[in-house]
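To keep things clear, I will list the structure first and then write my remarks on it.
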Amino acid sequence: MSEFHVDMRDIRFNLFDFLDLGALTRFERFGEFDAELFGDIVDAAEDQSRKLLHPLNEQGDRVGLVFENGRVRLPEGWKAAYKAYSEAGWNGLPIAQEHGGQGLPVTVNTAVQDLFTAANVSFLFTPGLTMGALGLICEFGTTDQKALYVQKMLEGVWSGTMCLTEPNAGTAVPDLKTTAQPIDGRPGFYKIRGQKIFISAGDQDLTENIVHMVLAKVAGDSDITLFIVPRMRVGADGSLKYNDVATIAIEEKLGIHASPTCQLAFGEDNDCEGWLIGERGRGLQCMFKMMNEARIAVGVQGVGLANAAYQLSVAYARERIQGTHIRDSRKADAPRVAIIEHPDVRRNLMYMKSVAEGARAMTYYASYCHDRSTVADHETDQKHWQHQLEILVPLVKAWSSDEAFRAAELGVQVHGGYGYIREYAIEQVLRDAKIASLYEGTNGVQALDLLGRKVARGGGVMMMAMLNEINKTLNGPAKDGAFSREIAAVAKARDAVAQVAMGFGQRMMKGDIEYSALHATPFLQMFGDTVVAWLLIKQAIVAKKLYDTRMQKAEVVELTEELGRVLEDDAEARFLHGKMNTAQFFVHQVMPRVHANLMSIQSEDRSALTVVL
């Protein structure tokens, strides 16, 4: 079994040194908490990740699932792990206290899920979907629905899922065929009939009941309605009765082998009951709440796996002895060195480090925007944070998941031939990471959402909120400081993003929608690169202040052998030095692709639209 590597210092840096999460406790909503508690919770998550979840990861990948007699069975030990996970209270971390949860900031939950994902991403599907279903019931459910479902789901006795996709209705959700027929004499209850596919955690043996959130069309309606459809419906005496929800099959997948991805049939025997949640015909609007949260969760998945790939690879590179240092390549008797000394390996590792830490910075910041929007005491402040969050959701989902797969691929490269065999954990990270760019709306859909819904809406008010926040750094005192070159480069990237957005707007006003759609994905990458560069530079500014103070106390002069020894011996100084170098690497080695994308978009090349394929 591989070791569990995680950079707790970077997680704490994001939460406390950068975001100053403890300051949230000055607001009434979080007033009973403090920064120390937030830190203790993250430490507890790291402990449970290391001791409970990671030991099951390799086994889950290799053993996988059993589908027998219409039911799914997970590997040995998973049921006990889910019980321990639920008893620890993780299911209710961000759920409001009025509903029985702990009411903690979403940003704390993001850090916790980052750790759990790095330890065992397959495990996270059941609790992750349960938390999403809980959010829907808490927000849109009736008093009776909350009383019946919430506590059982918080305790891990029951779980939840999200059921949208059908064989002929994937991204095009409105094309779904699942039907709902009102039950005479029982207002709010409907007979549900149809099939759903690609349902994560759709069946398992971890819980005694599975509460599906199902989209369907009521006969005669053009709009979609949301229903609570449990696998086992609850009798008046609390007993459970089968609700005609059958598992037809489970998918054989590239990765996430221990996560049951199911095909479900509802009402094959005309005995499946659903309970209306929210308003009839408003199902998509309700579900979008869960989908946005799910998209951020996918971004967190990218964060966890990208950082796992980097940690595995840098640990391997420190140990793997191969070849001589490039400076000694002509010396026959030159000592052999670890591959971390080779420039090409270092370049790969720095790319992985920069995008992994960049994805973490962006995802945590998006979660922080969510928290700030919930505690804002006036509308202007609330919109300031909410508009940034709306822009960030597609970036977090798509940019982070794309870069996680790229980081894992480079991790295999760093491992060389050993990265291609199952003995080393990096190949599983690669396989597990790919799904994140596909589900909860493919990344191409996220790009269209960014361009069509977020950037264009309200005359660009959301985009301007994001750019105005970035401008505070670019136009502030730091532009003349230690990172002036990097800030100037980010300013040019910002201008490129704004230029493209304006050009798209002008095209669409003239009816040229196709060309903009053709370049939506490059635009998302441009925007993501710029946001990540900004955040990494902001972090570098914080790190430099801490670093300089530490160096002054140690009376170390920069660019001396003494500094090298300090960085070898002082883990904190090494970390802070690394944060600064990581930001500089990203700005100068990764962010230049912003300008390549700009050239592509401005090329007027329509060959992809005109070619006959």
- Note on the structure: For GLN285, the lone unmet condition from (1) within 27 Å of the chain's Cα centre (by Cα); (2) at pLDDT 95 or above is (2)
- Residue hits (the stretch 219-236; closer than 17 Å to PHE266 by Cα, open to solvent by 20 Å² or more (accessible area, probe 1.4 Å) and not in a strand (DSSP E or B)) are ALA219, ARG231
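Given the structure, is ALA407 buried (at least 20 other Cβ atoms within 10 Å of the Cβ), touching a Phe, Trp or Tyr at 6+ places or on another chain (Cβ under 7 Å) and touching a residue at least 40 places away in the same chain (Cβ under 8 Å)?
Details: buried (at least 20 other Cβ atoms within 10 Å of the Cβ): yes; touching a Phe, Trp or Tyr at 6+ places or on another chain (Cβ under 7 Å): yes; touching a residue at least 40 places away in the same chain (Cβ under 8 Å): yes.
For ALA407, the condition - buried (at least 20 other Cβ atoms within 10 Å of the Cβ), touching a Phe, Trp or Tyr at 6+ places or on another chain (Cβ under 7 Å) and touching a residue at least 40 places away in the same chain (Cβ under 8 Å) - is met.
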- Item | Boolean, TYR439 is open to solvent by 10 Å² or more (accessible area, probe 1.4 Å), at pLDDT 95 or above and not aliphatic (A, V, I, L, M) | no
- Subset tally (residues that are assigned to a loop (DSSP other than H, G, I, E, B) and under 16 Å from ARG193 (Cα atoms)) for the stretch 154-170: 4
- Within the stretch 372-401, work out how many residues are buried (at least 18 other Cβ atoms within 10 Å of the Cβ), farther than 19 Å from MET464 by Cα and either free of Cβ contacts under 8 Å to residues at least 60 places away in the same chain or of a type in the set (A, V, I, L, M, F, W, C) (or both). 2
- Note on the structure: When ARG606 is run through (1) charged (D, E, K, R); (2) open to solvent by 60 Å² or more (accessible area, probe 1.4 Å); (3) without any contact (Cβ under 8 Å) to a residue 24 or more places away in the chain, the failure sits at (3)
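Of the residues VAL557, VAL566, which single one is assigned to a loop (DSSP other than H, G, I, E, B) and modelled with pLDDT under 95? Full working, then the answer.
On the way: VAL566 fails: assigned to a loop (DSSP other than H, G, I, E, B).
Just a single option satisfies the conditions, and that option is VAL557.
Do any strands (runs of 3 or more DSSP E) entirely within the stretch 237-282 hold 2 or more residues that are in contact with a Gly (Cβ under 8 Å, 6 or more places away or on another chain) and not β-branched (Val, Ile, Thr), and if so, which?
Details: elements: 240-242, 245-250, 261-266, 273-276.
In the stretch 237-282, the matching strands (runs of 3 or more DSSP E) lie at 261-266, 273-276.
State whether the residues of the stretch 327-337 include one that is modelled with pLDDT of 95 or more and touching a helix residue (DSSP H, G or I) at 6+ places or on another chain (Cβ under 6 Å). Full working, then the answer.
Of all residues in the stretch 327-337, those modelled with pLDDT of 95 or more come to none.
No - not one qualifying residue is present in the stretch 327-337.
Pick out the one residue from THR247, THR179, THR225 that is in contact (Cβ under 8 Å) with a residue 12 or more places away in the chain, in contact with a helix residue (DSSP H, G or I) (Cβ under 6 Å, 6 or more places away or on another chain) and farther than 20 Å from LEU124 by Cβ.
Details: THR247 fails: in contact with a helix residue (DSSP H, G or I) (Cβ under 6 Å, 6 or more places away or on another chain); THR179 fails: in contact with a helix residue (DSSP H, G or I) (Cβ under 6 Å, 6 or more places away or on another chain).
Of the residues listed, the single one that is in contact (Cβ under 8 Å) with a residue 12 or more places away in the chain, in contact with a helix residue (DSSP H, G or I) (Cβ under 6 Å, 6 or more places away or on another chain) and farther than 20 Å from LEU124 by Cβ is THR225.
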- Please enumerate the residues belonging to the stretch 490-523 that are more than 18 Å from GLY459 (Cβ to Cβ), open to solvent by 10 Å² or more (accessible area, probe 1.4 Å) and under 26 Å from the mean Cα position of the chain (by Cα). ARG494, ALA517, LEU518, HIS519, THR521, PRO522
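Any idea which residue in the stretch 325-336 is farthest from ALA408 (Cα to Cα), counting only those that are open to solvent by less than 80 Å² (accessible area, probe 1.4 Å) and either small (Gly, Ala, Ser) or out of contact with any strand residue (DSSP E or B) (no Cβ under 6 Å at 6 or more places or on another chain) (or both)?
Pass one, the stretch 325-336, residues open to solvent by less than 80 Å² (accessible area, probe 1.4 Å): 325, 328-329, 334.
Filter again for either small (Gly, Ala, Ser) or out of contact with any strand residue (DSSP E or B) (no Cβ under 6 Å at 6 or more places or on another chain) (or both), leaving 328-329, 334.
Values: ASP328: 30, SER329: 29, ALA334: 32 Å.
In this case the residue turns out to be ALA334.
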- Task: Report yes if VAL150 is assigned to a helix (DSSP H, G or I) and touching a Pro at 6+ places or on another chain (Cβ under 9 Å), otherwise no.
- Result: no
- Query: Looking at (1) open to solvent by less than 50 Å² (accessible area, probe 1.4 Å); (2) under 24 Å from the mean Cα position of the chain (by Cα); (3) of a type outside the set (Gly, Ala, Ser); (4) over 25 Å from ARG347 (Cα atoms), which is the one condition that is false for LEU535?
  - Reply: (4)
- Any idea which of (1) outside any loop (DSSP other than H, G, I, E, B); (2) open to solvent by less than 30 Å² (accessible area, probe 1.4 Å); (3) of a type in the set (A, V, I, L, M) is the one ALA84 doesn't satisfy? (2)
- Query: Among strands (runs of 3 or more DSSP E) lying entirely in the stretch 171-218, which contain 3 or more residues that are open to solvent by 20 Å² or more (accessible area, probe 1.4 Å)?
  - Reply: 179-182, 189-200
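The values are calculated or read from the model by the stated rules, or taken from the named source; none is laboratory data. This structure is a prediction, so every number in the text was calculated from the model and none was measured. Backbone-built Cβ (ideal geometry, glycine too); neighbour counts: all protein chains shown. With ligands, DNA and RNA removed, areas are computed over all heavy atoms of the protein, side chains included. Shrake-Rupley method; radii C 1.70, N 1.55, O 1.52, S 1.80 Å.
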